[in-house]
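Structure, as structure tokens:
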Amino acid sequence: MSEIAEIISKNEDRIRAEWIRDMSKSVQRSDLMSKTELDEQSRALLSAIVQGVKMSGPTDVSASGWTAARELLQDISASRAWQGFSSVEVATFVLSLKQPLFASIRESLDKNQEKLLDTIWAATELLDRLALITTEAFLTAREELISRQQQELLELSTPVVKLWDGILALPIIGTLDSARTQVVMENLLQTVVATNSKYAIIDITGVPTVDTLVAQHLLKTITAARLMGAECIISGVRPQIAQTIVHLGINLEDVVTKAKLSDAFALALARSGRTVTRLASAPVNPISHLLAKREE
Amino acid sequence: MSVLKREVLPLKTSNDVVLARQKVRQWAVELRFSLVDQTKLVTAASELARNALDHGKGGSMTVEVVNVAAKSGLRLIFEDQGPGIPDIELALKDGFTSGSGMGLGLGGSKRLVNEFSIETEVGKGTKVTVARWR
Amino acid sequence: MERIPVLRMGTLLLITIQVDMHDKLAMQLQDDVTQRISEWGSTGVLIDISSLEIVDSFIGRMLANIAAMSRVLGAETVVVGMQPAVAITLVELGMSLPGVRAALSVEAGMELLFGNAAATNSGSSDERTQA
């Protein structure tokens, strides 16, 4: 079936010119890609197709002779995904090669009807497969873009707050998976260094479930902080979480945990040699003895 | 996957391990890896280079810049003609938490990279391939 | 041969690691520290690793060893200035370096080592925070 290769080689310039012309009629997007770039990509793909057909035939596009073509298509597809082309535009890049290719095939094999039909059939199947490769690569690239954006969102949603000199608070809202943990650790540890804070209160009130995995993530964070010389206190442990932790047999022996953030803060203050006192000169409410709450 | 750049370094002395670390660091910086990712990769390289030297009786490290679709990354291949590893699963599970493990650092290194594969044959040698994507 | 310098400040040994160590250098340091503790009767060892960009399992074990050996010889060890990326990587490697105390800065490290003594000598170091 190397007729396809020969036909393309002999008519390369014409096929490419018609191809580009057809593309610009339907879907060129000159706002996203220059003519020279388009020309280069078309040229490269045509020669990769010729090579593929010559080395491994026109049917098995997973064979080694087609590696160059596959990689080229993946690169073209991924870069177009990043540039903002739609999936239709990307697939059309390949599919619009059909018309000019068929025209050349018909011209070359005019005298041999049977061969003509076979060759056109092989060519259309080939281009379909190549189009599928581009679509798949496009989707993969899009997914990567989305996950990159998710990552950026993650970084925005784990603020580290300075409660006092040397005491930080890190409220975690939402699930704590391994990706989030990396972000949390980086943020926390960098802030620890920047503020020279020895204490970090990790508040998990907003973490819906704490299972063994989440506990591992928390422990990782605590260990990393400890290696640097900072102590972590976990606060916001809800009763259900406490039960889960015990049921799962999670070992939190070395970790200080508190139910409330305020308790954790008081502890951090105490450990850093501070205490909170009430001013003697504050105005005394005449019925304060009735309103007084226990302040220990 | 295309390889854009490749270099092979020998791992014959303990100074070679330092040089290997520095080379990986340099290439990771050029590829603009984040600081944490750089540190993880260079540390993994240090572990594996040391393995090839101490356990594998010397070998080499190949460092490559690779490209797949729109991603780029660094691939490191550590090869030695040493005694090989009889039980890979056991080696990957080595107890490191106590900090006194006699393990080969394989389990730990695996966690520091995105891709990890190992080929080994007792009496013939070992080849560990790791990769980290940007 | 090149060595990592071990400085003496009274009963304290101060070590600043600034180079990318090869294995022999690390072993030499271990030896030197234990030697010096014996020689000078030091009770505290402060290792500043703020310039270390890589701590792999070998270096990690070295630090743990120095802490353990020093303790046997009657001295406490504190490691200061570990970089965040290094801490994150060590944890991923599975090393938690139990038995190695850490501090954020040389100052904090000294306080850890000698802070208790200072407190009993000079009175409390409380700060009252007004509410």
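Bear in mind that the values in this text are calculations on the coordinates, not laboratory data. Computed from a predicted structure; not experimentally measured. A quick note on method: Cβ atoms are made from the backbone with ideal geometry, for glycine too, and the neighbour counts reach across all protein chains shown.
Output the pairs from A:54/B:5; A:220/A:260; A:162/A:260; A:198/A:220; B:40/B:110 with a Cα-Cα distance over 19 Å in this structure; if there are none, say none.
Those over the limit are A:54/B:5; A:220/A:260.
Can you compute the radius of gyration and Dmax for chain B, using only the Cα atoms, both in Å?
Cα-based Rg and Dmax for chain B come out at 14.1, 41 Å.
Where nothing but the Cβ of Lys and Arg (+1) and of Asp and Glu (-1) is charged, how large is the charge dipole of the range B:2-133 around its Cα centre, in debye to the nearest 20?
420
Mind putting a number on the dipole of the protein assembly as shown about its Cα centre? Charges go on the C-beta only, +1 for Lys and Arg and -1 for Asp and Glu, and I need it in Debye to the nearest 20.
It comes to approximately 800 debye.
Past the 37 angstrom mark, what percentage of all C-alpha to C-alpha distances in chain A do you count?
It works out to 49 percent of all Cα pairs.
Spelling out what I want: for every residue of the range B:120-134, take phi, set θ = phi - 60°, compute 6.51 cos²θ - 1.76 cosθ + 1.60 (Karplus), and round to whole Hz; glycine and proline get x.
8, 9, 4, x, 10, x, 9, 9, 10, 10, 10, 8, 9, 9, 5
Please give the average number of partner chain Cβ atoms lying within 10 Å of the Cβ of each residue in C:51-61, rounded to a whole number.
If you average over the peptide's residues, the count of other-chain Cβ atoms is 6.
Computed over the Cα atoms of the protein assembly as shown, what is the ratio Rg over Rh, Rh following Kirkwood?
We get a ratio of 1.11 for the protein assembly as shown.
With both partners inside chain A, how many of the DSSP beta bridges are antiparallel, as a percent to the nearest 5?
Roughly 20 percent of the beta bridges in chain A run antiparallel, per DSSP.
Testing the spin-label approximation: label points 7 Å from Cα along Cα→Cβ at residue A:64 and residue A:266. State their distance in nm.
Roughly 7.4 nm, to one decimal.
With θ taken as phi - 60° and the coefficients 6.51, -1.76 and 1.60, list the Karplus ³J(HN,Hα) couplings across the range C:91-104 in order, rounded to whole Hz; mark glycine and proline as x.
Once rounded to whole Hz, the list reads 5, 5, 5, x, 9, 10, 6, x, x, 10, 7, 10, 8, 6.
Expressed as a rounded percentage, what relative contact order does the range A:98-183 have, with Cα pairs under 8 Å and six or more residues apart?
Normalised by residue count, the contact order of the range A:98-183 is 17 percent.
For residue A:277 and residue C:30, what is the calculated FRET efficiency with R₀ set at 41 Å and r taken between the beta-carbons, to the nearest 0.05?
Given R0 = 41 Å and the Cβ-Cβ separation, E is 0.25.
Find the eigenvalues of the gyration tensor of the Cα atoms of the range A:161-275, then list the square roots of 5 times those eigenvalues as equivalent ellipsoid semi-axes, largest first, in whole angstrom.
22, 16, 12
Take every DSSP beta bridge with both residues inside the protein assembly as shown and express the antiparallel ones as a percent of the total, to the nearest 5.
Counting only bridges with both partners in the protein assembly as shown, antiparallel ones make up about 60 percent.
What value, in deg cm²/dmol to 500, does the helix sum -39500 (n - 2.57) over DSSP H runs of n ≥ 4 give at 222 nm once divided by the residues of the protein assembly as shown?
-17000 deg cm²/dmol
Please express the shape of the range A:48-138 as an equivalent ellipsoid: the semi-axes are the square roots of 5 times the eigenvalues of the C-alpha gyration tensor, given largest first in whole angstrom.
26, 15, 9
With a cut-off of 19 Å, note down the residues of the range C:91-108 whose backbone N falls inside the zone around a label point 7 Å from the Cα of residue A:216 toward its beta carbon.
In the range C:91-108, the label zone of residue A:216 (backbone N under 19 Å from the point 7 Å along Cα→Cβ) covers C:91-97.
Hey, if you put +1 on the Cβ of every Lys and Arg and -1 on every Asp and Glu Cβ in the protein assembly as shown, which of B:108, A:141, C:44 ends up farthest toward the positive end of that dipole?
Positive-end residue among those listed: C:44.
Work out the FRET efficiency for residue C:101 and residue C:38 from their Cβ-Cβ distance, taking R0 = 25 Å, and round it to the nearest 0.05.
0.75
Determine the distance separating the Cα centre of the range B:112-134 from the Cα centre of the range B:1-24; give it in Å without decimals.
15
Counting pairwise Cα distances across chain C, what percent come out greater than 27 angstrom?
Summing the P(r) of chain C above 27 Å gives 21 percent of all pairs.
Starting from the Cα-Cα distance between residue A:164 and residue A:148, subtract it from 0.36 nm times their residue separation and give me the gain in nm to one decimal.
Here the segment from residue A:164 to residue A:148 would lengthen by 2.4 nm.
Taking the DSSP beta bridges in the range A:127-264 as the whole, what percent of them are antiparallel, to the nearest 5?
Of the beta bridges lying entirely in the range A:127-264, close to 20 percent run antiparallel.
Give me the number: length gained by fully extending residue A:205 to residue A:114, i.e. 0.36 nm times residue separation minus the C-alpha to C-alpha distance, one decimal in nm.
25.3 nm
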